[in-house]
Amino acid sequence: MNLRDAIRTIPDHPKPGIMFRDITTLLGDARAFRQAIEEMVAPFAGERIEKVAGIEARGFIFGAAIAHQLSAGFVPLRKKGKLPHKTVAVEYALEYGADAMEMHMDAIVHGERVMLVDDLIATGGTAEAALKLLRGAGAEVVASAFVIDLPELGGAELLRRAGVPTSALVAFEGH
């Protein structure tokens, strides 16, 4: 199955000129969802990945399934104020303003091998913040995986330059 065909494109959302790549259609197709998880896991099946970190919110869906397949723990990376225990945070710039991402202080044991997961990589700002958060906690981030890459925005390349092998199942030119 071509996973690109399972992803719906919504023109002019959330604003004119943007082609929104909607993965809910992929999630709703059992075959496509299973294939996506299998393809994201395959390159790392023999690796020793101890934790999978998923970026809120769609990264939770893919990350938890990948963690299950790899027999790894799952670490949710959340927006500020959403986690109930003591947290560590990193702030990062957005197009207009700033945001913060947090994880529990005890989510990572120093030296653990971690895979970073989300549904889409665009400019890489959020993924770069996640990388800083994980590395700051002592994680060895050994891979990052995404369903969709928007290559012209440079996010995947940003992570590669930071030393993280990065893969995506589908690339869409134009955004």
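The values are calculated or read from the model by the stated rules, or taken from the named source; none is laboratory data. As the structure is a computational prediction, the values presented were derived from the model and not from experiment. Ideal geometry is used to build each Cβ from the backbone, glycine not excepted, and the neighbour counts take in all protein chains shown.
Structure data summary
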read-out: Filtered residues of the stretch 56-73 (kept if over 17 Å from residue 36 (Cβ atoms) and either crowded, with 16+ Cβ neighbours inside 10 Å or in contact with a Phe, Trp or Tyr (Cβ under 9 Å, 6 or more places away or on another chain) (or both)); value: 56, 72, 73
read-out: Of all residues making up the stretch 94-117, the number that are hydrophobic (A, V, I, L, M, F, W, C) and touching a residue at least 60 places away in the same chain (Cβ under 8 Å); value: 4
read-out: Residues located in the stretch 112-152, provided they are surrounded by fewer than 20 Cβ atoms within 10 Å (Cβ to Cβ), in contact with a strand residue (DSSP E or B) (Cβ under 6 Å, 6 or more places away or on another chain) and not in a helix (DSSP H, G or I); value: 113, 140, 142
read-out: From 102, 39, residue being on the phi < 0 side of the Ramachandran plot and part of a strand (DSSP E or B); value: 102
read-out: Residue list for the stretch 1-36, filter: of a type in the set (A, V, I, L, M, F, W, C) and assigned to a helix (DSSP H, G or I); value: 3, 6, 26, 27, 30, 32, 33, 36
read-out: Test: residue in the stretch 1-15 that is of a type in the set (S, T, N, Q) and buried (at least 16 other Cβ atoms within 10 Å of the Cβ); value: no
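Results for (1) hydrophobic (A, V, I, L, M, F, W, C); (2) surrounded by 12 or more Cβ atoms within 10 Å (Cβ to Cβ); (3) modelled with pLDDT of 95 or more, shown as yes or no for each residue.
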position	(1), (2), (3)
34	no, yes, yes
41	yes, yes, yes
95	no, no, no
106	no, no, yes
